[in-house]
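Remarks on the structure that follows.
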Amino acid sequence: MLHIWGIEMKTILETLLIGVSSGSIYSLMALALVLVWRSTRVVNFAQAGQAIISTYIGYESMKHLHSYWYSVLVAIVAGAILGAAVEAFVMRPLAKRVRGSAAADIAPVIATLGILGLIRGVAGLIWGNTFVQYTSPLSGKGYTFGSTTIQFSPQNAAIVIGAALVMAAFAIIFNFTKLGLALRASSFQPEISRLAGIRVDRIRVIGWACAGAAGAVAGALVTPTAYLSPNSLDLLLVSGFVAAVIGGLDSLVGAGIGGVVLGIGFAFILQYIGASVTFLAAFIILIFVLLVKPAGIMGKSGGRSA
Amino acid sequence: MHKRISSLARLGIFAAIGLVLIALSGFVDELRVYQGAEVAVYVVAIASITLLTGYSGQLSLGHGAIMAIGAYAATLAFNGWHIPWMAALAVGALAGAVAGYILGFAAARLSGPYLAGTTLALAVGIPSLANQFHVLGGEQGLTFDIGDVPTWASHSWLAKIGHGDFTTYKWFYWITVPIALATIWVVRNILTGPIGRRFKAMRSNPTAASLIGIRVSSTKVAAFTYSSSLAGLAGAMLAMILGLSAPLVFTLTLSFTLVTGAVLSGVSNLYGGIIGAMVLVAIPELSASVATHLGGSEKVTANLPGVVTSLLLILTVLILPNGARVRRSK
Amino acid sequence: MSGLVVRDLQVAYGAVAAIRGVSFEVTPGELVTIIGANGAGKSSLLRALSGLIPVAGGSAMWNELSIFGYKPENLVRAGIVHVAEGKSVIPELTVEENLDLGGIWQKKSAGVDAIKAEVLQLFPRLGERLGQRADTLSGGERQMLAIGRALICKPKLLLLDEPSLGLAPLVIEEIFSAIARLRTSLGLTVLLVEQNALSALAIADRGIIFNLGEVVASGKASELLADPVLRASYLGY
Ligand SMILES: Nc1ncnc2c1ncn2[C@@H]1O[C@H](COP(=O)(O)OP(=O)(O)O)[C@@H](O)[C@H]1O
Ligand SMILES: [Mg+2]
């Protein structure tokens with residue numbers, strides 16, 4: 001076995017792979033937060049709740065579809081619809097009411113917290129607070145090379161590939177389509193966009209829908225490696241937020257990188273220090289990034305492109 | 001215009017209210033008395049949010065974590081140094097203040113969503129520390145047992161009003177209600193004094209505030225410190241009436257509940273906090289009885305309170321996004 | 001009556017009235033300029049006409065249809081296009097993306113490509129900088145970009161808010177002559193808001209003089225230019 005400075009190479013590689021896998025999930029969550037932030041300048045604390053409901057819907061649909069992959073698609077559609085509904089029925093009316101008032105910053109944040117609580121409660125009412133298992137046909141057992149088995153399973157690989165596909169899809173949509181142009185324009189300058197004929201309200205709903213879809217992918221992919229319960233994705237919200245801030249909150253690429261960086265960081269902390277300090281570490285990383293480089297790693301001036 | 005009541009006169013009124021409230025504990029059953037203590041704890045916790053968000057305009061989602069710090073500090077001090085419970089509660093408040101002072105420095109440089117997210121990470125990060133350090137007692141937590149009711153209390157003339165035994169729950173009520181009233185009195189005095197005026201100036205217009213010589217960042221640190229000392233105190237009180245400090249008590253849900261309570265009370269309305277606190281305590285019970293009527297599956301009992309509270313929160317924000325501030329600034 | 005007809009229009013910000021009962025009309029194909037000092041209410045007028053802010057009273061008709069109560073984007077789609085004050089471009093997007101923004105909601109058959117080609121012919125400097133971010137442009141180029149994007153929206157009524165603001169005299173001349181050419185070649189109706197009275201009246205058919213939210217004078221551009229009282233008190237030269 002290969003050792004460097006007394007640390008086993010296999011463990012390092014394994015930790016790295018696991019970090020990339022969980023980091024991909026953080027990236028998706030961060031992506032969802034960034035999409036909403038860019039469309040309406042709100043940090044959507046309900047994102048974890050939306051992802052939970054979408055995942056439960058995926059889980060239910062699997063009972064009828066008998067296919068994990070189709071059920072993931074159902075979850076994605078559900079996530080998109082839910083995201084759109086939250087924006088259209090709660091956030092937009094609220095934004096109209098508080099525009100220009102002292103509560104303009106705080107009220108939307110509080111509303112998303114309320115939605116998170118509501119969703120968790122409704123999920124509990126429907127599915128109970130017990131853990132359920134949403135299984136994928138892919139094995140959760142690690143890959144084996146010769147005589148050694150590593151902790152990285154086909155489902156972990158699916159997570160990484162799935163996240164990469166979603167990221168690529170959004171990169172293409174944002175940079176090469178009319179919709180992407182409208183999304184970017186509306187997020188940078190809503191008023192000018194309106195004066196160019198863009199239906200900004202609709203574009204915002206689409207932004208929330210995209211975010212909901214990204215969150216649903218995260219939920220549906222990560223759940224087979226763990227369990228599903230009304231608050232099983234709460235911690236993902238915190239990780240996603242930290243990842244998004246590391247990446248600069250405004251940058252899709254930054255969200256991707258921020259997630260993976262955080263995932264790897266967490267994996268090493270977990271491996272060498274212990275699970276209970278990970279979120280304190282997240283807090284410290286967050287403070288550090290915010291105080292040292294408030295615009296995030298991708299947030300140099302003029303770097304606000306998609 | 002109504003006549004201003006002097007702060008000393010108000011102290012007298014509060015003391016009278018406190019005596020009446022305590023005397024009332026002789027006429028209701030044990031559960032109600034315990035709920036009264038819970039309300040008192042929430043009043044203090046909500047006052048901490050009101051002070052921060054309602055007056056200085058900063059939103060913290062991490063006050064559950066500050067409560068945890070206060071709770072563990074009080075418990076450790078009580079168990080380790082064998083100090084009186086009153087001193088232990090003071091230690092909790094002090095620990096909260098120290099945590100708030102440190103957090104305030106970071107918070108002073110963060111705006112809106114960043115502060116909310118950072119304090120959110122704190123809300124998750126701090127309670128999980130209990131599992132890392134042996135002295136914090138892991139998942140089970142630490143017991144905080146203030147022992148039997150002292151005889152001076154159980155044999156006092158106040159205790160003879162009404163009927164029923166003098167239980168520990170009643171004792172908790174006796175302790176927490178005066179603390180809650182004192183908190184409101186102190187916070188009111190802070191807010192109507194020079195510090196409160198600075199908070200308000202900073203909240204309504206930071207730029208103008210800095211122009212008239214208010215140091216915005218040190219004012220923010222002060223707001224965080226005062227607010228967190230109350231949160232620490234509330235945490236210590238909560239640990240006392242529950243009899244333990246454990247990670248399970250100080251969940252993300254607790255942090256959210258506090259924000260809900262503050263919003264329901266109209267964020268910048270100190271007295272509204274009492275109503276907010278009663279709502280927070282009443283909702284689980286009301287929805288539990290509704291749940292029983294509905295057939296009472298465990299699912300419903302466990303989740304209806306959350307649904308109702310969240311719905312209330314959303315509706316309040318939608319209908320009264322500016323809280324009571326509209327009424328206050330006439 | 002077709003064209004733009006504004007009657008007794010009022011706009012207020014809270015208790016502060018910015019426009020206090022203004023009436024005027026712009027007949028189809030006309031270029032009318034509204035002249036006024038800073039704070040006269042010129043921008044408020046255009047923002048009300050394009051649906052960006054609510055009005056406090058009065059009416060405005062475009063080709064006999066009321067235009068109040070519509071979202072700005074819908075008015076744009078109906079041909080009422082507002083180029084807002086201060087080089088209204090999106091700095092984070094490229095020049096080409098800024099232009100395309102005005103066309104992405106139109107059908108392919110609407111001939112957006114042809115208009116884009118025309119705009120690039122009118123403002124060749126934009127054509128040389130299509131891939132550049134808009135924040136790298138000079139002030140004059142940004143104003144050209146903003147007008148170019150408005151043209152791609154296929155306006156019938158063009159509302160221009162101080163296109164000369166902060167530009168050098170030569171650049172102003174270039175932009176104003178482009179505006180003059182445009183409105184004849186495209187048959188546009190133009191409402192041009194300006195502080196630069198001389199340049200604006202030089203290309204306008206008629207002028208309206210604003211002060212503190214009210215119309216204080218109006219008439220043929222040539223007559224206004226010749227009136228010594230107006231020259232001294234409002235036109236500032
Ligand atoms: N958003 C606003 N809020 C409050 N008052 C405003 C606002 N915008 C403009 N005003 C006021 O309305 C009046 C007219 O402003 P404006 O229409 O911008 O004038 P102009 O474009 O002619 O310079 C001014 O007194 C200005 O201070
Ligand atoms: Mg103007």
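The values are calculated or read from the model by the stated rules, or taken from the named source; none is laboratory data. No experiment lies behind these values; they were computed from the predicted model shown. Virtual Cβ from ideal backbone geometry, glycine too; neighbours counted across all protein chains shown.
Some notes on this structure:
- Scanning region C:37-55 for residues that are within 16 Å of ligand 2 (Cβ to nearest atom) and either surrounded by fewer than 20 Cβ atoms within 10 Å (Cβ to Cβ) or on the phi > 0 side of the Ramachandran plot (or both) turns up C:A37, C:N38, C:G39, C:G41, C:L52, C:I53.
- Selection within region C:1-31 - among the hydrophobic types (A, V, I, L, M, F, W, C), surrounded by 14 or more Cβ atoms within 10 Å (Cβ to Cβ) and within 16 Å of ligand 1 (Cβ to nearest atom): C:V6, C:L9, C:V11, C:A12, C:A17, C:A18, C:I19, C:V22, C:F24
- The set of residues in region B:50-80 that are at pLDDT 90 or above and of a type in the set (A, V, I, L, M) comprises B:A65, B:I66, B:M67, B:A68, B:I69, B:A71, B:A73, B:A74, B:L76, B:A77.
- Taking the numbered list (1) surrounded by fewer than 22 Cβ atoms within 10 Å (Cβ to Cβ); (2) under 23 Å from A:Y134 (Cβ atoms) in turn, A:I53 passes all entries but (1).
- Selection of region C:140-166 for residues being away from every other protein chain (no Cβ under 11 Å) and within 16 Å of ligand 2 (Cβ to nearest atom) yields C:Q143, C:L160, C:E162, C:P163, C:S164, C:L165, C:G166.
- Looking at A:S276, A:S301, A:S305, just one residue is surrounded by fewer than 24 Cβ atoms within 10 Å (Cβ to Cβ) and either touching a strand residue (DSSP E or B) at 6+ places or on another chain (Cβ under 9 Å) or at pLDDT 80 or above (or both), and that residue is A:S305.
- Boolean, C:G58 is more than 16 Å from ligand 2 (Cβ to nearest atom), surrounded by 17 or more Cβ atoms within 10 Å (Cβ to Cβ) and modelled with pLDDT under 95: yes
- Residue within region C:209-219 that is of a type in the set (A, V, I, L, M), at pLDDT 95 or above and within 13 Å of ligand 1 (Cβ to nearest atom) present: no
- Scan of region B:128-148 for residues that are on the phi < 0 side of the Ramachandran plot and under 24 Å from the mean Cα position of the chain (by Cα), ordered by number: B:S128, B:L129, B:A130, B:L136, B:E139, B:Q140, B:L142, B:T143, B:F144, B:D145, B:I146
- If you go through region B:7-57 and pick out every residue that is under 28 Å from B:A97 (Cβ atoms) and outside any helix (DSSP H, G or I), you end up with 1.
- Residue within region C:115-125 that is in contact (Cβ under 8 Å) with a residue 24 or more places away in the chain, among the charged types (D, E, K, R), away from ligand 2 (no atom under 16 Å from the Cβ) and more than 18 Å from A:S186 (Cβ to Cβ) present: yes
- Flag for C:S199 being more than 14 Å from every other protein chain (Cβ to nearest Cβ) and more than 16 Å from ligand 1 (Cβ to nearest atom): yes
- Among the residues of region C:32-63, those that are within 10 Å of ligand 1 (Cβ to nearest atom) and not hydrophobic (A, V, I, L, M, F, W, C) comprise C:G36, C:N38, C:G39, C:G41, C:K42, C:S43, C:S44, C:R47.
- Test: B:Y34 is crowded, with 23+ Cβ neighbours inside 10 Å and of a type in the set (F, W, Y): no
- Taken over region B:129-167, the criterion of being crowded, with 18+ Cβ neighbours inside 10 Å and assigned to a helix (DSSP H, G or I) is satisfied by B:L129, B:A130, B:L136, B:A159.
- Qualifying residue in region C:94-111 (condition: charged (D, E, K, R), over 29 Å from C:L167 (Cβ atoms), free of Cβ contacts under 8 Å to residues at least 12 places away in the same chain and away from ligand 1 (no atom under 12 Å from the Cβ)): yes
- Within this structure, B:S60 passes the test of being of a type in the set (G, A, S), surrounded by 15 or more Cβ atoms within 10 Å (Cβ to Cβ), within 16 Å of the chain's Cα centre (by Cα) and not in a helix (DSSP H, G or I).
- Considered as a group, the residues in region A:113-169 that are β-branched (V, I, T), touching a residue at least 12 places away in the same chain (Cβ under 8 Å) and away from chain B (no Cβ under 14 Å) include one that is nearest to A:V222 (Cα to Cα), and that residue is A:I159.
- Hey, B:L238 in contact (Cβ under 8 Å) with a residue 12 or more places away in the chain, crowded, with 18+ Cβ neighbours inside 10 Å, of a type in the set (A, V, I, L, M) and assigned to a helix (DSSP H, G or I) or not: yes
- Test: residue in region A:184-200 that is in a helix (DSSP H, G or I), more than 23 Å from A:V72 (Cα to Cα), more than 16 Å from the chain's Cα centre (by Cα) and aromatic (F, W, Y): yes
- Flag if A:V109 is out of contact with any Leu (no Cβ under 9 Å at 6 or more places or on another chain), within 14 Å of another protein chain (Cβ to nearest Cβ) and surrounded by 19 or more Cβ atoms within 10 Å (Cβ to Cβ): no
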